[in-house]
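Colleague: Take a look at the following structure, please.
The values are calculated or read from the model by the stated rules, or taken from the named source; none is laboratory data. Keep in mind that this is a model prediction, so the values were computed, not measured. Cβ sites come from the backbone with ideal geometry, for glycine too, and all protein chains shown count toward neighbours. These accessible areas exclude ligands, DNA and RNA; they are computed on the full protein's heavy atoms, side chains included. Shrake-Rupley method; radii C 1.70, N 1.55, O 1.52, S 1.80 Å.
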Amino acid sequence: MTPKTDHQKVLIVDFGSQVTQLIARRLREASVYCEIHPFQKAEAAMAAMNPAAIILSGGPESVHEEGSPRAPQGVFEAGVPVLGICYGEMTMCEQLGGKVEGGHTREFGRAAITVEKASPLLAGLAPVGEDEEVWMSHGDKIVAIPDGFDVVASSSGSPYAVIADEKRRFYGVQFHPEVMHTPRGDQMLKNFTHGIAGLKGDWTMAAYRDEKIAQIREQVGDAKVICGLSGGVDSSVAAVLIHEAIGDQLTCVFVDTGLLRKDEAKQVTTLFREHYNIPLIHVDASKEFLGELAGQSDPETKRKTIGRVFIEIFDRESAKIEGAEFLAQGTLYPDVIESVSSSSGKAHVIKSHHNVGGLPDYMKLKLVEPLRELFKDEVRALGRELGLSEAFVGRHPFPGPGLAIRIPGEITPEAVATLQDADAIYLDEIRKAGLYDDIWQAFAVLLPVKTVGVMGDARTYEKVLALRAVTSTDGMTADFYQFPWDVLGKTATRIINEVRGVNRVVYDVTSKPPGTIEWE
């Protein structure tokens with residue numbers, strides 16, 4: 001997966017922390033290329049990447065327990081800087097001759113560390129003798145550090161909150177610099193990558209675009225590529241990038257599942273046929289999808305059904321295109337991380353509609369995944385680099401299974417039409433109020449609940465519609481958007497007046513916990 005060009009790379013060894021992805025996000029924001037690999041595969045990743053620095057992530061295990069995860073010993077013999085975060089610091093200590101114990105006072109949440117000694121890791125932060133705010137999350141305690149290490153900072157519950165072996169360039173922090181709750185954590189990470197490791201920060205979208213175009217041409221040759229176009233940002237950016245690389249060797253197949261937002265199919269066909277002049281096959285498969293989903297109410301079954309039907313249609317359409325050997329899809333790096341973590345038994349499968357890791361055996365196509373190394377906001381940046389309009393690349397995320405996962409229970413044509421109308425009104429009012437770009441994701445959910453209401457002089461017994469809107473900086477954690485009441489009120493009034501079958505609108509104020517990939 002690593003780009004062929006000689007970027008300076010950082011390996012992140014994952015011990016199962018919910019926020020490991022945030023380490024990668026912070027490094028990418030500082031223009032540093034990095035990859036996350038589970039600890040079981042870290043040794044192979046080191047050989048493949050030749051990293052300039054290594055970061056050991058946090059994790060849920062206890063280092064002092066038998067069978068707990070360890071970093072490959074080669075990490076400490078590679079001659080490159082190593083930063084251990086939380087569990088990563090603990091396993092570093094344990095493996096190098098220190099000691100970790102359980103049963104001590106736990107630290108969770110905001111904490112203050114007192115800087116006791118100057119270190120390049122804390123350059124530009126609190127001076128010696130003063131405090132720095134951080135975010136702790138651990139139940140075990142380091143009680144002895146290895147030879148060669150010094151204490152850089154401590155807290156009331158962690159005498160070894162920051163440790164350093166400056167000679168070997170080994171560092172450990174007991175807190176999480178990657179989370180937003182450590183206000184200057186990004187500076188700490190940049191001190192490690194740019195200051196200690198000497199990385200230049202050569203990861204840019206302009207470079208990525210040029211590299212990927214060259215790689216696509218090398219991979220594809222003279223063959224034809226079918227791109228699975230969903231209409232979302234990911235697959236659209238992938239399609240435009242591939243078209244720039246191989247031109248009319250690319251044919252986009254846009255499968256209209258009948259589960260898209262209102263008028264979205266028309267918008268997609270217009271954009272690709274008229275604006276980009278990319279060969280496009282539009283398959284109206286709405287009846288096929290709705291027929292397969294009839295009678296199904298389990299969300300996982302619905303997801304898998306949609307994924308299966310989608311692939312079957314692609315297989316059918318690819319047979320009609322002479323010389324087609326490749327299928328392109330908009331797989332992102334979080335999908336890859338999740339797939340690897342799931343296969344190692346450290347995470348649940350969340351996005352089961354993605355074909356990360358390969359297609360079914362019966363398909364004759366090989367995969368092209370040009371966005372496989374990117375996070376969502378990097379895809380948007382690449383889209384801008386490719387000239388896609390801000391209105392398009394700034395669109396809120398939309399799930400692969402479409403509105404099917406926003407209709408709990410059975411999917412019917414009537415339910416889809418109701419949700420499409422309500423969702424369109426919701427987004428229209430958000431845009432009119434100038435709030436669209438302030439919100440990371442907004443959508444409506446048609447609940448399988450009916451309530452009694454009074455409309456005019458008549459009693460009604462109709463569905464409840466829930467509205468959601470969240471803010472996020474990374475898609476990993478999110479909080480509900482605090483709507484002005486007048487906007488919510490106007491939106492609810494329009495939906496009840498204009499959408500038949502709905503007599504009550506509610507707003508969801510739950511927040512998104514860390515570690516999940518999708519809000520849906």
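Colleague: Taking amide hydrogens as modeled 1.01 Å from N in the peptide plane, which residues meet the under 5 Å criterion relative to Thr331, leaving out close sequence neighbours?
Modeller: Leu371
Colleague: Taking the mean number of other Cβ atoms within 10 Å as a proxy for protection, how do you rank 278-289, 414-425 from highest to lowest?
Modeller: Numbers: 278-289: 16.9, 414-425: 20.7.
Order by mean packing, descending: 414-425, 278-289.
Colleague: So, one more: In whole Hz, with x marking every Gly and Pro, tabulate ³J(HN,Hα) for the range 503-508 from phi via Karplus 6.51 cos²θ - 1.76 cosθ + 1.60, θ = phi - 60°.
Modeller: 10, 8, 10, 10, 10, 8
Colleague: Now for a different question. What full-extension length gain, to one decimal in nm, is calculated for Glu77 and Phe108 as 0.36 nm per residue of separation minus the Cα-Cα distance?
Modeller: On the way: separation 31, 0.36 × 31 = 11.16 nm, distance 3.24 nm.
Once the chain is fully extended between Glu77 and Phe108, it gains 7.9 nm.
Colleague: Which aspartates and glutamates, on any chain, are close to Lys200 with Cα under 15 Å apart, when same-chain ones fewer than 8 places away are left out?
Modeller: Within reach: Asp6, Glu29.
Colleague: Probe of 1.4 angstrom, ligands and nucleic acids ignored: what's the accessible area per residue over the chain, in square angstrom? Provide the component values of the computation, followed by the final result.
Modeller: Working: 21810 Å² over 520 residues.
Value returned for the chain: 42 Å² of accessible area per residue.
Colleague: Filter the cross-link list Lys224/Lys320; Lys320/Lys376; Lys266/Lys287; Lys320/Lys366; Lys9/Lys167; Lys9/Lys41 down to pairs whose alpha-carbon distance in this structure exceeds 23 Å.
Modeller: Working: Lys224/Lys320 12 Å; Lys320/Lys376 32 Å; Lys266/Lys287 17 Å; Lys320/Lys366 16 Å; Lys9/Lys167 21 Å; Lys9/Lys41 17 Å.
Beyond 23 Å between Cα atoms: Lys320/Lys376.
Colleague: Under unit Cβ charges (Lys, Arg +1; Asp, Glu -1), what dipole magnitude, rounded to 20 debye, does the range 1-105 have relative to its Cα centre? Display every interim value, and only then the final one.
Modeller: Values: 8 positive and 12 negative charges, 89 e Å.
Computed about the Cα centre, the dipole is about 420 debye.
Colleague: What does the highest-first list of 304-313, 369-378 look like by mean Cβ count within 10 Å?
Modeller: On the way: 304-313: 17.9, 369-378: 20.9.
The most tightly packed comes first, giving 369-378, 304-313.
Colleague: Which whole-Hz couplings ³J(HN,Hα) result when phi for each residue of the range 436-442 is put into the Karplus expression 6.51 cos²θ - 1.76 cosθ + 1.60, θ = phi - 60°, listed in order with x for Gly and Pro?
Modeller: Couplings: 4, 6, 7, 10, 6, 7, 9 Hz.
Colleague: For the chain, return all DSSP H helices satisfying: extent of Cα atoms along own axis at least 24 Å; mean Kyte-Doolittle hydropathy at least 1.6.
Modeller: Working: long enough: 299-318 (28 Å, -0.81); 413-432 (28 Å, -0.25).
Qualifying helices: none.
Colleague: Non-local amide H neighbours of Ala478 (under 5 Å, H modeled in plane, Pro and chain starts lacking H): which ones?
Modeller: Answer set, sorted by chain and number: Lys512.
Colleague: Please give the length that would be gained between Ser389 and Arg217 if that part of the chain were fully extended, namely 0.36 nm times their separation in residues minus their C-alpha to C-alpha distance (nm, one decimal). Can you show the working numbers first?
Modeller: Values: separation 172, 0.36 × 172 = 61.92 nm, distance 2.52 nm.
That pair, Ser389 and Arg217, stretches by 59.4 nm at full extension.
Colleague: While we're looking at this one, here's another question. Please give the per residue volume of the convex hull enclosing the alpha carbon atoms of the range 164-316, rounded to a whole number of Å³.
Modeller: On the way: hull volume 32.4 nm³, N = 153.
Normalising the Cα hull of the range 164-316 by residue number yields 212 Å³.
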